[in-house]
Amino acid sequence: MRKYDIISTNCDCGSGRIATLSGRCLKWIFGPKCPYCKRQLGFMQWDRIYSGITADGDLEALQKYRKTER
């Protein structure tokens, strides 16, 4: 079990959510890549919206977040 952060992305091609390991987003200089077009996002195009979900993988972390979002 690892801890994941949920990142909200807002790119020109669309917006979405990605899960990344906790603390990894603190090391980014620019930001994550868009989950759709794989373009590097700028500092105004992403935001950490939830922190500390324990899961086995990123897909499971997103599923757990969606259950708590409702």
When segment 15-70 is checked residue by residue, the ones that are in contact with a helix residue (DSSP H, G or I) (Cβ under 9 Å, 6 or more places away or on another chain) and over 20 Å from R2 (Cα atoms) are G31, W46
Inside segment 16-46, the number of residues satisfying the requirement of being part of a strand (DSSP E or B) and either more than 13 Å from the chain's Cα centre (by Cα) or surrounded by 13 or more Cβ atoms within 10 Å (Cβ to Cβ) (or both) is 8
Output for Cβ contacts, cut-off 8 Å, separation at least six or different chains, first residue farther than 13 Å from W46 by Cβ in segment 1-16, second of a type in the set (D, E), reads M1/D56; R2/D56; Y4/D58
Examine segment 47-62 for a residue that is in contact (Cβ under 8 Å) with a residue 24 or more places away in the chain, of a type in the set (S, T, N, Q), at negative phi and assigned to a loop (DSSP other than H, G, I, E, B), and state whether such a residue exists.
no
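Here, each number is a calculation from the coordinates, and none is a lab measurement. From a predicted model like this one, the values you see are computed outputs, not experimental measurements. Positions of Cβ are backbone-derived with ideal geometry, glycine not excepted, and every protein chain shown enters the neighbour counts.
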